[in-house]
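One structure is given here, and the rest of the page talks about it.
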Amino acid sequence: MSAGSPAGLVAVDDAPDAATAHRALRDAFGRFPSGVVSACARVDGSPVGMAMSSFTSVSLDPPLVLVCVDRASSTWPTLVGAERLGISVLGEAHDRTARQLASRTADRFAGLSLVDGDGGALFVEGAAAWLECSVEQELPGGDHLVVLLRVHAHRVLEPGPLVFHASTFSTVAPTLVG
């Protein structure tokens, strides 16, 4: 073992090709469980939205969260112009909903129960939480955009959150302490 690097650590540039390197790094990133949210709005009277697993709280004052959006997204350029976005923290029973909202080909809203909010914000029924947001700032982040969202209103709902881990969906199981 060298003094500068732990045993078994793989350099990002050691893969034989870009596809292999991306898959290996994606697998490493996938070891961190994350929640799953949808960002939805009514634009010109029609629902527009997408699923995201890169979401985190940023600040209480001012109230900010962030999402990361693939620069190649064909949905984000439409959503970014909405007055308000409905961020739904998807609930335990939303694994199918998450896949549907992430689809590039299917009708993303077929059979979904949606709730309209202010300024065009659109929420998924049965979510763990709703955040009504506006775009505060977009920052470059490699092949993604890092998008800061200002929270204008919120509501905590009943179900537990949906979790994305190692390319699969699961739920949070309570742990008894003591």
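Miscellaneous remarks
- Taking region 17-31 as the range and being of a type in the set (Phe, Trp, Tyr) and farther than 17 Å from residue 51 by Cβ as the test, no residue passes.
- Checking the stated criteria, residue 62 turns out to be open to solvent by less than 50 Å² (accessible area, probe 1.4 Å) and more than 13 Å from the chain's Cα centre (by Cα).
- Lone unmet requirement of (1) at negative phi; (2) touching a Ser or Thr at 6+ places or on another chain (Cβ under 9 Å) for residue 119: (1)
- Number of residues in region 105-122 that are in contact (Cβ under 8 Å) with a residue 24 or more places away in the chain, of a type outside the set (A, V, I, L, M) and surrounded by fewer than 20 Cβ atoms within 10 Å (Cβ to Cβ) equals 4.
- When the test is whether a residue is open to solvent by 60 Å² or more (accessible area, probe 1.4 Å), in contact with a Leu (Cβ under 8 Å, 6 or more places away or on another chain) and not polar (S, T, N, Q), residue 71 passes it.
- Qualifying positions in region 23-55 - closer than 21 Å to residue 83 by Cα and of a type in the set (Ser, Thr, Tyr): 38, 46
- Residue in region 40-63 that is touching a His at 6+ places or on another chain (Cβ under 8 Å), aromatic (Phe, Trp, Tyr) and under 14 Å from residue 154 (Cβ atoms) present: no
- Close pairs (8 angstrom Cβ cut-off, 6 or more residues apart or separate chains): more than 29 Å from residue 77 (Cα to Cα) in region 147-161, open to solvent by 70 Å² or more (accessible area, probe 1.4 Å) and assigned to a strand (DSSP E or B) anywhere: 160/171
- Each residue in region 119-137 was checked for being closer than 16 Å to residue 36 by Cβ and part of a strand (DSSP E or B), and 5 of them qualify.
The values are calculated or read from the model by the stated rules, or taken from the named source; none is laboratory data. All figures in this text were calculated on a predicted structure; none of them were measured in a lab. Please note: Cβ atoms are built from the backbone with ideal geometry, for glycine as well, and neighbour counts cover all protein chains shown. Accessible surface is based on the protein model in full, side chains and every heavy atom, while ligands, DNA and RNA are left aside. Shrake-Rupley method; radii C 1.70, N 1.55, O 1.52, S 1.80 Å.
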